[in-house]
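Working notes for the structure below.
The values are calculated or read from the model by the stated rules, or taken from the named source; none is laboratory data. Since the model is a prediction, treat every value here as computed from it, not as a measurement. Because the Cβ atoms are built from the backbone with ideal geometry, glycine has one as well, and the counts that use them run over all protein chains shown. Side chains are part of the model used for accessible areas, which takes the heavy atoms of the whole protein and leaves out ligands, DNA and RNA. Shrake-Rupley method; radii C 1.70, N 1.55, O 1.52, S 1.80 Å.
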Amino acid sequence: MKPTDIQNPEYFHKVVDCQYACPAHTPVPEYIRLIAEGKYTEAYMINWDSNVFPGVLGRTCDRPCEPACRRGRVEEEPVAICRLKRVAADNKGDVKQHMPHGPFPANGKKIALIGAGPASLTVARDLAPLGYEIHLYDEQKLGGGFMRSQIPSFRLPETVLNEEVDYILDLGIHTHFNTYVSSLKEILARSYDAVFVGSGAPRGRDLPDMEGRKEGDANIHIGIDWLSSVAFEHTNKIGKKVIVLGGGNTAMDCCRTSRRLGGEEVRVIVRSPFAEMKASPWEKEDAMHEDIPIIDNHVPKSFVVTDGKLKGMMFEKVHAVYDDAGKRKLVPTGEPEVFYEADDVLVAIGQENSFPWIERDLGLEFDKWNMPVVDPITYCSTNKKVFFGGDAAFGPKNVITAVAHGHQAAISIHLACEGQDMMNRLAPFVNLTNMKMGIHEWSYDSMVVNDERYVVPQADKKITLTNRKQEVELGFDRLDGFKEAQRCLNCDVQTVFTESKCIECDACMDVCPTSCITFTVNEEEHDLRQHLKVPAMNLTQDLYVSDILPTKRVMVKDEDVCLHCGLCAERCPTSAWDMKKYFYNVTKAVNACQQEAIV
Amino acid sequence: MTYVRPKFRHPELPKNKLGYTLSYYEGALSTLCAGCGHDSISAAIVQACYDLDIEPHKVAKLSGIGCSSKTPAYFLSNSHGFNSVHGRMPSVATGANLANRDLKYIGISGDGDTASIGMGQFVHVIRRNLNMLYVVMNNGCYGLTKGQDSATADAGSKNKTGQVNLFQSIDLASLAIELGATFVAQSFSGDKQQLVPLMKAAMKHQGFAFINVISPCVTFNNNVGSTKSYDYVREHVEATGTLDFVPMMSEITTEYAEGSTEHLVLHDGSIIELHKLADGWDPHNRISAINAVQHAKAKNEILTGLLYMEKETTDLHDMLGTTDIPLNSLTKEILCPGSGKLKELNDSLR
Ligand SMILES: Cc1cc2nc3c(=O)[nH]c(=O)nc-3n(C[C@H](O)[C@H](O)[C@H](O)COP(=O)(O)OP(=O)(O)OC[C@H]3O[C@@H](n4cnc5c(N)ncnc54)[C@H](O)[C@@H]3O)c2cc1C
Ligand SMILES: Cc1ncc(C[n+]2csc(CCOP(=O)(O)OP(=O)(O)O)c2C)c(N)n1
Ligand code: SF4
Ligand code: SF4
Ligand code: SF4
Ligand SMILES: [Mg+2]
């Protein structure tokens with residue numbers, strides 16, 4: 001193998017598994033250490049810079065970071081990264097003083113943002129301090145998008161959402177709420193310098209042709225429409241017996257909300273096997289904890305309506321069969337159809353994009369699925385003034401993805417408005433800092449704690465099921481937050497190898513608790529992986545390979561299960577190994593434009 | 001202070017026949033200087049015991065005084081151990097071995113511990129062919145007492161302060177061969193490829209097995225001009241041949257050109273495979289072994305690898321005709337067979 005190029009900012013970035021997996025690349029271990037130090041405000045600001053909604057995300061994030069967390073590879077459970085974010089949000093001091101303060105000197109440019117979800121709000125936050133005049137449109141009466149209309153308040157209290165939406169609106173955003181945009185052409189005609197479409201994926205799928213659908217209409221509701229009508233308090237009750245169709249997170253929110261609005265026998269009925277449901281494991285657990293059975297392998301067949309009144313639904317039982325390519329087919333078991341009673345049915349079987357308000361003669365191309373053609377780097381459409389982000393760009397995802405899109409779109413808009421090439425994007429900000437303080441002394445807690453993941457306490461079910469607004473999770477207290485934070489392995493504190501200093505004493509190889517380091521003859525990657533102290537079979541993790549050493553061997557470090565304990569560096573007599581903190585921060589719009597060279 | 005070894009190990013760590021991972025053979029985290037050769041030797045012992053599927057509770061580690069003699073704390077935490085007086089490890093090993101011949105004895109000593117204060121003990125334990133592995137971690141100095149020249153420091157070798165050693169060195173391997181040791185090898189802490197199979201063979205040897213391991217002291221004797229530094233040793237090692245250890249009953253798989261390979265069979269049927277042998281050297285011939293060491297020395301080289309080995313030897317127990325049963329298992333019934341037996345004996349003498 002060729003020696004590893006650690007000058008490439010992505011090499012060490014990838015070692016920080018959580019940060020790498022986070023769509024917005026939040027510097028996770030950095031904020032976790034700050035929480036352990038009790039510096040909640042600083043921890044909050046690291047988050048705010050990257051993901052804009054720490055309080056919201058600390059409760060609701062899809063947490064792509066946690067399955068990636070290294071700790072999950074050496075023991076049962078990853079660090080509770082998401083809930084630690086909430087610890088920062090719950091305990092922070094005055095964060096506003098650290099945020100940009102308007103009024104900002106105007107730069108003469110005007111931007112329209114369609115939809116006030118997390119994607120648009122991120123664009124607004126990133127561009128407002130640069131002097132843009134920002135107009136934010138939403139048909140709802142308040143900002144937040146689906147964070148407000150869909151995510152129920154027992155998971156995300158309104159106060160938390162309002163606070164973080166207001167941090168942005170307070171930057172001097174011109175809001176146009178209760179305003180449905182019915183024509184993009186009209187918006188473009190208002191001489192905006194750029195338009196950002198963050199309108200989400202607002203249409204819930206239905207079962208329009210199913211028997212009984214029309215007859216039972218009064219008691220059949222589209223999940224996301226129903227949730228938003230609950231959120232805006234147009235709906236406050238539901239029948240005693242409820243069927244929720246679908247196996248995603250929307251279904252979980254629908255069933256749990258039903259339990260709070262009078263649903264006594266609430267069932268989730270889903271086509272796929274339990275293990276393959278789209279909902280996150282913790283959402284399923286929470287639903288079951290609220291006495292909601294999840295009935296899998298049942299395909300809806302018809303709505304049963306008698307005397308104009310919905311009585312329930314018929315289902316066909318299936319089981320999953322997989323072909324050689326692993327593709328799943330649901331095959332009927334042949335058993336007779338089964339009937340489940342229901343006063344109300346909530347259909348939560350997916351969402352779609354819909355752009356009835358975008359004219360098709362604006363030079364803005366749509367593909368064969370009727371989705372706008374959007375560049376995955378610039379987020380620009382084929383109309384150079386129109387940008388997309390969040391669920392509107394590539395279909396429904398989640399809040400953190402919408403935020404990540406928003407940052408990138410803001411950079412593009414800024415570059416375009418400055419007359420620069422949108423592809424001319426700056427590398428991330430990186431910094432490598434030495435962590436050595438003395439013998440056995442590092443400026444991070446290198447000691448690896450053995451604690452298992454702490455459980456977030458929940459409010460009593462008796463209270464939560466009777467009050468829709470009562471938050472279920474109570475969050476870690478400071479002490480548990482500290483203990484959970486200590487479980488973090490500090491993956492951003494990198495092991496950095498300098499071959500010219502190595503005397504090949506093997507001390508590092510011998511001391512490494514997880515057998516990461518091997519000195520051996522160089523080979524091609526495939527063979528080298530087999531011939532390490534423990535074969536490196538996790539191909540998603542890189543090998544760190546040195547140049548040829550005096551004894552004709554190379555140092556190979558398998559990054560896979562390195563604990564970042566620093567023992568290799570402690571045992572190295574020559575400091576050929578060193579522990580250095582790698583700070584990686586995605587460039588945001590503020591720093592996106594290269595300064596004109598001073599001549 | 002953050003000097004603590006984490007509990008976690010590689011989740012895919014393989015297991016040996018006993019179902020133990022390598023970590024079961026580890027000891028406490030070393031407190032020797034970072035980069036000390038002695039730690040590599042400890043790691044080689046851990047590896048060898050793991051590979052040989054040795055039950056740790058069937059091992060006793062014995063040592064004298066010195067950095068080297070501290071190392072038994074850093075390997076085989078699940079074994080028995082005795083850290084004795086300076087230079088007196090052989091007596092303790094002899095006593096322990098006589099009391100319980102069922103354990104494997106690993107004696108760890110330093111060049112000071114062996115070649116100075118312990119020299120008297122060393123020569124006698126060889127003569128007695130005590131069944132044990134005797135390892136000298138040889139750094140040419142008294143590491144623990146801050147690096148004074150030891151009796152194995154070569155004449156002309158420079159120490160850290162720039163002082164040149166005036167005295168002739170004691171060559172422990174030659175001495176062991178001379179005194180009739182039945183297994184003698186020499187190695188370098190920085191070459192586990194060689195050291196691990198040697199350790200395994202030595203542990204399988206029935207009788208006294210001696211390995212002199214050059215083991216640089218990074219702190220006091222790794223300077224330019226020292227003949228025990230990492231750089232010097234790497235430039236001056238020459239091997240009697242490359243070697244593999246093939247445990248009893250396993251198939252020999254590697255193939256070498258005719259004539260270049262020799263198979264040495266050990267007491268229990270395990271095999272040492274030697275390849276690319278040094279010219280004119282026969283591992284079963286004491287004289288040729290001494291010659292090979294001396295020839296290398298004359299060329300300023302350090303000869304490593306297996307130097308000499310006898311397959312069938314008579315160890316101390318055999319010579320003395322001691323009981324096969326460890327003393328702690330000798331029951332009262334065996335020791336005191338009763339008045340009937342006494343009468344029988346008396347009668348036989350009448
Ligand atoms: C039930 C449910 C629960 C969810 N839970 C989570 C969760 O726990 N965690 C998570 O990360 N994600 C969750 N999501 C997904 C997440 O809410 C979205 O991915 C995210 O909000 C998308 O953000 P966005 O900025 O693209 O747009 P959205 O948040 O969808 O906001 C779009 C806004 O645009 C407005 N709009 C649309 N068209 C127009 C128009 N023509 N004129 C004016 N306004 C318009 C809409 O009213 C809406 O307010 C959930 C989704 C659902 C349906
Ligand atoms: C009876 C006695 N005399 C002297 C000493 C002091 N002393 C301690 S260690 C040592 C030399 C150790 O040298 P070596 O065996 O080579 O071990 P190293 O530290 O080099 O590994 C001496 C002389 C002692 N501990 N006991
Ligand atoms: S251990 Fe910490 S730094 Fe490493 S992946 Fe998990 S959260 Fe991130
Ligand atoms: S920091 Fe060094 S010693 Fe610790 S696990 Fe990683 S490679 Fe091994
Ligand atoms: S401990 Fe340091 S000098 Fe020794 S082999 Fe490792 S990197 Fe090289
Ligand atoms: Mg010594």
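So what are chain A's ellipsoid semi-axes, whole angstrom, largest first, if each one is the square root of 5 times an eigenvalue of the alpha-carbon gyration tensor?
Listed largest to smallest, the semi-axes of chain A are 44, 32, 24 Å.
Let me check I have the definition right: for segment A:534-599, take the eigenvalues of the Cα gyration tensor, multiply each by 5, take square roots. What are those semi-axes in whole Å, largest first? Before the final figure, lay out each step's value.
Numbers: eigenvalues 232, 63, 45 Å².
Sorted largest first and rounded, they come to 34, 18, 15 Å.
Give the calculated FRET efficiency between A:Lys469 and A:His174 to the nearest 0.05, with a Förster radius of 25 Å applied to their Cβ-Cβ distance. Present the calculation step by step, with values, prior to reporting the outcome.
Numbers: r = 30 Å, r/R0 = 1.21.
Computed FRET efficiency for A:Lys469 and A:His174: 0.25.
How would you order B:315-326, A:310-321 from highest to lowest mean count of nearby Cβ atoms within 10 Å? It would help to have the intermediate numbers written out before the result.
Details: B:315-326: 13.0, A:310-321: 18.2.
Ranked from most to least packed, the peptides come out as A:310-321, B:315-326.
Which listed residue (A:Ala459, A:Gly263, A:His289) has the Cα farthest towards the positive end of the charge dipole for the protein assembly as shown, taking +1 on Lys and Arg C-beta and -1 on Asp and Glu C-beta about the Cα centre?
Checking the options against the dipole of the protein assembly as shown, the answer is A:Ala459.
How big is the C-alpha Rg of segment A:1-130 next to the rule-of-thumb value 2.2 N^0.38 Å, as a ratio?
Values: Rg = 17.1 Å, N = 130, 2.2 N^0.38 = 14.0 Å.
Dividing the Cα Rg of segment A:1-130 by 2.2 N^0.38 Å gives 1.23.
Give me the percent of DSSP beta bridges within chain B that run antiparallel, rounded to the nearest 5. Before the final figure, lay out each step's value.
Details: 19 of 49 bridges.
If I count the DSSP bridges inside chain B, around 40 percent turn out antiparallel.
Could you compute the net charge surrounding B:Ala239? Neighbours are other residues with a C-beta less than 9 Å from the C-beta of B:Ala239; K and R count +1, D and E count -1.
On the way: positive: B:Lys276; negative: B:Asp191, B:Glu238.
Every neighbour counted, the sum reads -1.
Students often get this wrong, so check it: of A:Lys501/B:Lys160; B:Lys15/B:Lys204; B:Lys61/B:Lys297; A:Lys14/A:Lys85; A:Lys2/B:Lys192, which have C-alpha atoms separated by over 30 Å? Spell out each step's value before the answer.
Working: A:Lys501/B:Lys160 20 Å; B:Lys15/B:Lys204 21 Å; B:Lys61/B:Lys297 32 Å; A:Lys14/A:Lys85 21 Å; A:Lys2/B:Lys192 25 Å.
Exceeds cut-off: B:Lys61/B:Lys297.
Name the residues of segment A:502-546 whose accessible area falls by at least 50 Å² when all protein chains are present instead of the chain alone, probe 1.4 Å?
By number: A:Ile503, A:Cys505, A:Asp510, A:Pro513, A:Val534.
Please list the non-local residues whose amide H lies under 5 Å from the amide H of B:Gly81, H modeled 1.01 Å from N, same-chain partners needing a gap of 5 or more.
The answer is B:Lys61.
Within straight cross-link reach of A:Lys284, meaning Cα distance under 20 Å, which aspartates and glutamates are found once same-chain residues fewer than 8 apart are removed?
Here the aspartates and glutamates satisfying the reach criterion relative to A:Lys284 are A:Asp62, A:Glu66, A:Glu76, A:Glu77, A:Asp253, A:Glu264, A:Glu265, A:Glu276, A:Asp296, A:Asp460, A:Glu471, A:Glu473.
Between A:Asn450 and A:Lys309, what is the spin-label point distance in nm, taking each point 7 Å from the Cα along the Cα→C-beta axis?
Going by the 7 Å Cα→Cβ label model, 6.3 nm.
Of all accessible surface on the protein assembly as shown at a 1.4 Å probe, what whole percent is carbon and sulfur? Could the numbers behind the result be given before it?
Working: 21280 of 40740 Å².
On the protein assembly as shown, the fraction of accessible area on carbon and sulfur atoms equals 52 percent.
Straight-line reach from A:Lys311: which lysines fall under 17 Å, measuring Cα to Cα and dropping same-chain residues less than 8 apart?
A:Lys214, A:Lys240, A:Lys241, A:Lys301
Could you sort A:217-225, B:157-165 so that the peptide with the highest average Cβ count within 10 Å comes first and the rest follow in order?
Numbers: A:217-225: 20.0, B:157-165: 15.4.
Final packing ranking: A:217-225, B:157-165.
Loop only per DSSP, at most 12 neighbouring Cβ atoms within 10 Å: give me the GluC sites (Glu not before Pro) in segment A:509-561, ordered by residue number.
Values: sites: A:Glu523, A:Glu524, A:Glu525, A:Glu559; in loops: A:Glu523, A:Glu524, A:Glu559.
The qualifying sites are A:Glu524.
Where a Cα-Cα gap under 17 Å defines reach, which aspartates and glutamates qualify for B:Lys332, not counting those fewer than 8 residues away within the same chain?
Cross-link targets: B:Asp324.
At what distance in nm do the modelled label points of A:Ala427 and A:Thr587 sit from each other, each positioned 7 Å from its Cα along Cα→Cβ?
Simple spin-label model gives 1.0 nm for this pair.
Output the Cα-based Rg and Dmax of segment A:56-98 in Å, rounding Rg to one decimal and Dmax to a whole number.
Final numbers for Rg and Dmax: 12.8, 40 Å.
Of all DSSP beta bridges in segment B:200-337, what percent run antiparallel (nearest 5)? Could the numbers behind the result be given before it?
Details: 10 of 13 bridges.
Counting DSSP beta bridges with both partners in segment B:200-337, the antiparallel share is about 75 percent.
Which value in Å does the Kirkwood hydrodynamic radius of segment B:204-350 take, with 1/r averaged over all unlike C-alpha pairs and then inverted?
Values: mean 1/r = 0.0507 Å⁻¹.
Answer for segment B:204-350: a Kirkwood hydrodynamic radius of 19.7 Å.
Specify whether the C-alpha gyration tensor of segment A:204-349 places it in the rounded, prolate or oblate class, a ≥ b ≥ c being the square roots of the eigenvalues: rounded for a/c under 1.5, otherwise prolate if a/b is larger than b/c and oblate if not. Could the numbers behind the result be given before it?
Values: a/c = 1.86, a/b = 1.27, b/c = 1.47.
It comes out oblate by the Cα gyration axes.
For segment A:1-133, give the magnitude of the charge dipole about the Cα centre (Cβ charges: +1 Lys/Arg, -1 Asp/Glu; no others), in debye to the nearest 20. Mind dumping the intermediate values first?
On the way: 17 positive and 16 negative charges, 37 e Å.
Roughly 180 debye for segment A:1-133.
Evaluate peptide B:216-225: per residue, the Cβ atoms of other protein chains within 10 Å of its Cβ; return the mean as an integer.
Values: counts 3, 0, 5, 1, 0, 0, 3, 0, 0, 0.
What the average comes to for B:216-225 is 1.
Counting helices only, and only those DSSP H runs with n ≥ 4, report the 222 nm mean residue ellipticity of the protein assembly as shown as the sum of -39,500 (n - 2.57) divided by its residues, in deg cm²/dmol to the nearest 500. Each step should come with its number before you reach the end.
Numbers: 34 runs with 276 residues, N = 949.
It comes out at -8000 deg cm²/dmol, rounded to the nearest 500.
Ballpark to the nearest 100 Å², how much total accessible area do B and A bury together, probe 1.4 Å? Write down the numbers at each step before the final one.
Details: alone 17070 and 26340 Å², together 40740 Å².
In total, chains B and A hide about 2700 Å² from solvent.
Run the dipole for segment B:22-320 about the Cα centre, Lys and Arg Cβ at +1, Asp and Glu Cβ at -1, nothing else charged, and hand back the magnitude in debye, nearest 20. Working shown, then result.
Details: 21 positive and 30 negative charges, 230 e Å.
With only Lys, Arg, Asp and Glu charged at Cβ, the dipole is about 1100 debye.
Tell me the label-point distance for the pair A:Glu499, A:Met537, using the 7 Å Cα-to-Cβ offset, in nm and rounded to one decimal.
2.9 nm
Hey, what's segment A:262-378 come to in accessible area per residue, 1.4 Å probe, Å²?
Values: 6260 Å² over 117 residues.
Ligands and nucleic acids excluded, the result is 54 Å² per residue.
If you count, for each residue, the other Cβ atoms within 10 Å and average over each peptide, how do A:169-182, A:261-274 line up from highest to lowest? Intermediate values should be presented prior to the final figure.
On the way: A:169-182: 15.8, A:261-274: 20.2.
Per-residue Cβ counts within 10 Å, averaged per peptide and sorted highest first, yield A:261-274, A:169-182.
Counting partner chain Cβ atoms within 10 Å of every residue's Cβ in A:563-570, what's the average? Numbers along the way, then the final one.
Values: counts 5, 1, 5, 2, 7, 1, 1, 4.
Shielding by partners across A:563-570 averages 3.
Work out the mean other chain Cβ neighbour count within 10 Å for the residues of A:273-280 and drop it here as an integer. Working shown, then result.
On the way: counts 0, 0, 0, 0, 0, 0, 0, 0.
Average per residue, whole number: 0.
Within the set A:Lys557/A:Lys588; B:Lys70/B:Lys200; A:Lys109/A:Lys588; A:Lys533/A:Lys580, which residue pairs have Cα atoms separated by over 30 Å?
Details: A:Lys557/A:Lys588 33 Å; B:Lys70/B:Lys200 21 Å; A:Lys109/A:Lys588 18 Å; A:Lys533/A:Lys580 25 Å.
Correct reply: A:Lys557/A:Lys588.
Which percent of Cα-Cα pairs in segment A:276-334 sits in each 10 Å bin, short to long?
18, 31, 37, 12, 2
Can you compute the radius of gyration and Dmax for segment B:1-156, using only the Cα atoms, both in Å?
16.2, 50
Using just the C-alpha positions of segment B:22-320 as equal point scatterers, what log10 of I(q)/I(0) does the Debye formula give at each q in 0.07, 0.11, 0.15 1/Å?
Normalising to I(0) and taking log10 leaves -0.23, -0.59, -1.16.
Might you tell me the accessible area per residue for segment A:19-86, computed with a 1.4 Å probe and given in Å²? Can you show the working numbers first?
On the way: 1730 Å² over 68 residues.
The answer is 25 Å² per residue.
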